[in-house]
Amino acid sequence: MLFFKEFKELTEDHQKNIIWEVNLGRCCGVLFLDLKKAFDTVNHTLLVSKLKQYGVRNKSLKWFESYLAGRLQVTKVGGEHSPSAEVTCGVPQGSILGPLLFTIYINDLPMVSDSTRWNLYADDTAITFFKQYQTRHGKYPEHDPRESIGMV
């Protein structure tokens, strides 16, 4: 089954969270996202602002600004080259810092909603949604849900 293949791809902690929520009587759904070209969408101004929020200052901040600024791109079709254009968003592809900077850029997404859990790794994301429901008899689970996943 496709669901179980993807469920196994979640971290053990994320799997335990899903089991925990189901045992609490909540309905769960998981949305798996692979953000294509995600690294190209990073807004430099917003990223620098987030770096400041994380305490990056002075020379280190200037270094990151310099790392992101002044990059050029050219398109080649056949033997023809376009004029160079400055890259105003995105992080350098293939760099060691690219995934880290992207993670810093999206790191506050989990704060969007209290009814979701997020599993972020660079451009691969799993969002789990939870909603309380009752059994058909109007009762909630009476046992400690931690027992079923070995947390007690």
**Asked** Using 7 Å Cα-to-Cβ label points, what is the THR41/LYS131 separation (nm, one decimal)?
**Response** 2.4 nm
**Message:** Within segment 10-74, what whole-number % of the accessible surface is contributed by carbon and sulfur, with the 1.4 Å probe and all protein chains included in the calculation?
**Reply:** 55 percent
**Asked** In this model, which of LYS16/LYS50; LYS36/LYS76; LYS16/LYS62; LYS16/LYS36; LYS16/LYS59 are farther than 32 Å apart at the alpha-carbon?
**Response** LYS16/LYS62; LYS16/LYS59
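At R0 = 41 Å, how high is the FRET efficiency between LEU109 and ALA85 if r is their beta carbon distance? Nearest 0.05 is fine. All intermediate terms of the calculation are to be shown ahead of the outcome.
Numbers: r = 30 Å, r/R0 = 0.72.
Between LEU109 and ALA85 the formula returns 0.90.
The values are calculated or read from the model by the stated rules, or taken from the named source; none is laboratory data. Just so you know, these numbers come straight off a predicted model, no measurement behind them. Note: ideal-geometry Cβ built from the backbone for every residue, glycine included; neighbour counts use all protein chains shown. Protein only, heavy atoms only, side chains kept; ligands, DNA and RNA dropped before computing areas. Shrake-Rupley method; radii C 1.70, N 1.55, O 1.52, S 1.80 Å.
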